[in-house]
Amino acid sequence: MTALQHELVTDAPPRSAIAELLLLAGPTVVQMGSYTLMQFIDTWMLARVNQGIAEPTAAANAGMLAFAVISLGLGVLWVVNTLVSQSYGRGRFRECGPYLWQGIWFSLAFSILLLPALPRVAAIFGWMGHEPMLVQLEAKYLQIVIGASFIKLAGTACGQFLLAINRPVSVLLATVIGVAVNAFAAWIMVFGHLGVRPMGVAGAAWGQNIGVTVETVLLIALCCVPSIRSKFNVFAWRFRWEQMKTLLKVGIPSGVQVIADVLAWSMFGMWVIGVFGTKAMAANTFMFRYMVVSFMPAFGISTAVTALVGRYIGMGRPDLARHRANLGFALVAAYMLTCGLFFFVGRHRLIGLFSDDPEIVSTGAMLLVFAAVYQFFDAMYINYNGALRGAGDTFVPAMATGILCWGITVFGGYAVAKTFTSFGVKGPWFVATFYGIVLGLFMLRRFRRGDWEHIHLEQGPDADRLRGFEVVPHSVQPAADVPVGSPASN
């Protein structure tokens, strides 16, 4: 039996805690890593278009802003993982499908609300003082990507559902195929192969849409596999206000946190670093491509931690939830510190892969030093934020992230950039690194306080009977190396 066939028909427990985490995190890490690779390849392709910096800089700026625009929706949909995981942990399998569908209904409503803003996006880049040619390229990329936002959002809901019901290989399969299609489509349309005219930035955006569409179609098909469809009530498509209220109550703070973080970093790259001109933005863009290599796989482990924390809270085992979160941090920190060392040692060669301009290489290499320092505390933030989300603790982390990121990184960074111009891009990056340290320590402290152990997302003991759901005896057991009552689980 293949790994995919096995995971579609069994809920067999893993042999150990580390195996449990790695089996769930491995596919999500590959998923995040594959997206990172695609972004890297897109930037490299566009950097080869006329050997210029305008195309890759425009795609990177617009891509980050596009992600910021839909990140409120993505943050809400990541809570599908939390709600389905907790239902899965309680053995309420028939609740899982309705939560998936509330995510899809939310995706549709959110994407419709975005459409009226598309004609006005060029004004955003113009307001930030970008060169007219850059503004034109940025607006084109953003409009194409945001126009297909429903497909991305619906795919996210399906992927989070499959992770929560312990089907990570399904997510991996869809992701790998989608990214491969994305890469091939971008190669055709960016450079103009196979009889297609060269489309540059627009080709990269359309290639991304094609890849995302293929991935989403596969995820939907995998959700509808008979063994999953019947067990988890996948065809319960009706809008259910009680479940939607729970999704919005927990998900909106999560979404606000994501959009605050992503939009702040978008503004940092385009507005704060933009103070120093297009070459500085290009150097920051190329450096950020390597930072993404470190933090996107870390988000993959964090997503697995979200699922496991939710699952064990559903089972009434916060001790095991705490253990899995701390284990996740050990893995994330080890990976990101390794990346930091790689950034520091190879900084000049790494930036040289994108540009041979001495000014860009020198600036980008210096920024990679900041990226190296940032790694440990970013690992702390990413992992424990995922753990808190799994418990449904989203409001305070969202407020802290928004206030600190905008107050320190954006406005503090801009003040330093304008006041201490002799520091160059080092000034705002000193401020941004300080922000990373503060936020990482905040998330660690909040998790260790343990208030999340007392959050209850279930809707009361009679909720299943009133909604017509069936409660199924739980079949998932704790991993073998952390038995019930074991000191290692504390």
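The values are calculated or read from the model by the stated rules, or taken from the named source; none is laboratory data. Predicted model only: the values in this text are computed from it and were never measured. Because the Cβ atoms are built from the backbone with ideal geometry, glycine has one as well, and the counts that use them run over all protein chains shown. These accessible areas exclude ligands, DNA and RNA; they are computed on the full protein's heavy atoms, side chains included. Shrake-Rupley method; radii C 1.70, N 1.55, O 1.52, S 1.80 Å.
Report, ordered by the first and then the second residue, all pairs with beta carbons closer than 7 Å, sequence separation of six or more or different chains, a first member in the range 318-340 that is of a type in the set (D, E, K, R), and a second member that is open to solvent by less than 40 Å² (accessible area, probe 1.4 Å).
Close Cβ pairs satisfying both conditions: Asp319/Ser489; Arg324/Ala17; Arg324/Leu21; Arg324/Val305; Arg324/Leu308; Arg324/Val309; Arg324/Tyr312.
Looking only at the range 41-92, filter to residues that are β-branched (Val, Ile, Thr) and outside any helix (DSSP H, G or I); which one of those is surrounded by the fewest Cβ atoms within 10 Å (Cβ to Cβ)?
Val49
May I ask you to list the residues in the range 400-415 that are touching a residue at least 12 places away in the same chain (Cβ under 8 Å) and within 16 Å of Val438 (Cβ to Cβ)?
Ala400, Thr401, Gly402, Leu404, Cys405, Trp406, Ile408, Thr409, Val410, Gly412, Gly413 - these are the residues of the range 400-415 that are touching a residue at least 12 places away in the same chain (Cβ under 8 Å) and within 16 Å of Val438 (Cβ to Cβ).
Considering (1) free of Cβ contacts under 8 Å to residues at least 24 places away in the same chain; (2) closer than 30 Å to Trp44 by Cα, say which one Leu368 fails and leave the rest.
(1)
Is it true that Met366 is more than 23 Å from Gly427 (Cβ to Cβ) and either modelled with pLDDT under 90 or in a helix (DSSP H, G or I) (or both)?
no
Out of all the residues in the range 354-376, which are crowded, with 18+ Cβ neighbours inside 10 Å and more than 21 Å from Phe434 (Cα to Cα)?
Of everything in the range 354-376, those that are crowded, with 18+ Cβ neighbours inside 10 Å and more than 21 Å from Phe434 (Cα to Cα) turn out to be Phe354, Ser355, Ile360, Val361.
How many residues are assigned to a helix (DSSP H, G or I), farther than 30 Å from Arg347 by Cβ and of a type outside the set (Val, Ile, Thr) if we restrict to the range 291-337?
Count: 17.
For the range 222-255, how many residues are modelled with pLDDT of 85 or more, open to solvent by less than 50 Å² (accessible area, probe 1.4 Å) and among the hydrophobic types (A, V, I, L, M, F, W, C)?
11
Go through the range 122-138 and give me each residue that's outside any loop (DSSP other than H, G, I, E, B), open to solvent by 10 Å² or more (accessible area, probe 1.4 Å) and not aromatic (Phe, Trp, Tyr).
Those that are outside any loop (DSSP other than H, G, I, E, B), open to solvent by 10 Å² or more (accessible area, probe 1.4 Å) and not aromatic (Phe, Trp, Tyr): Ala122, Ala123, Ile124, Gly126, Pro132, Met133, Val135, Gln136, Leu137.
What residue, among those in the range 155-173 that are among the hydrophobic types (A, V, I, L, M, F, W, C) and crowded, with 24+ Cβ neighbours inside 10 Å, is farthest from Trp271 (Cα to Cα)?
Per the stated criteria, the residue is Ile165.
Out of everything in the range 328-343 that is within 20 Å of the chain's Cα centre (by Cα) and of a type in the set (A, V, I, L, M), what residue ends up being surrounded by the most Cβ atoms within 10 Å (Cβ to Cβ)?
Val332
Restricting the search to the range 392-428, which residues are among the polar types (S, T, N, Q) and out of contact with any Leu (no Cβ under 8 Å at 6 or more places or on another chain)?
Hits for the range 392-428 are Thr409, Thr419, Thr421, Ser422.
Of Phe106, Phe150, which residue is surrounded by fewer than 21 Cβ atoms within 10 Å (Cβ to Cβ), modelled with pLDDT of 90 or more, in contact with a helix residue (DSSP H, G or I) (Cβ under 8 Å, 6 or more places away or on another chain) and assigned to a helix (DSSP H, G or I)?
Just one listed residue meets the conditions, Phe150.
Of all residues in the range 305-317, which are more than 12 Å from Asn385 (Cα to Cα) and open to solvent by less than 40 Å² (accessible area, probe 1.4 Å)?
Selection gives Ala307, Leu308, Gly310, Arg311, Tyr312, Ile313, Gly314, Arg317.
Can you work out which of the residues in the range 344-353 that are part of a helix (DSSP H, G or I) and not β-branched (Val, Ile, Thr) is surrounded by the fewest Cβ atoms within 10 Å (Cβ to Cβ)?
Here the answer is Arg349.
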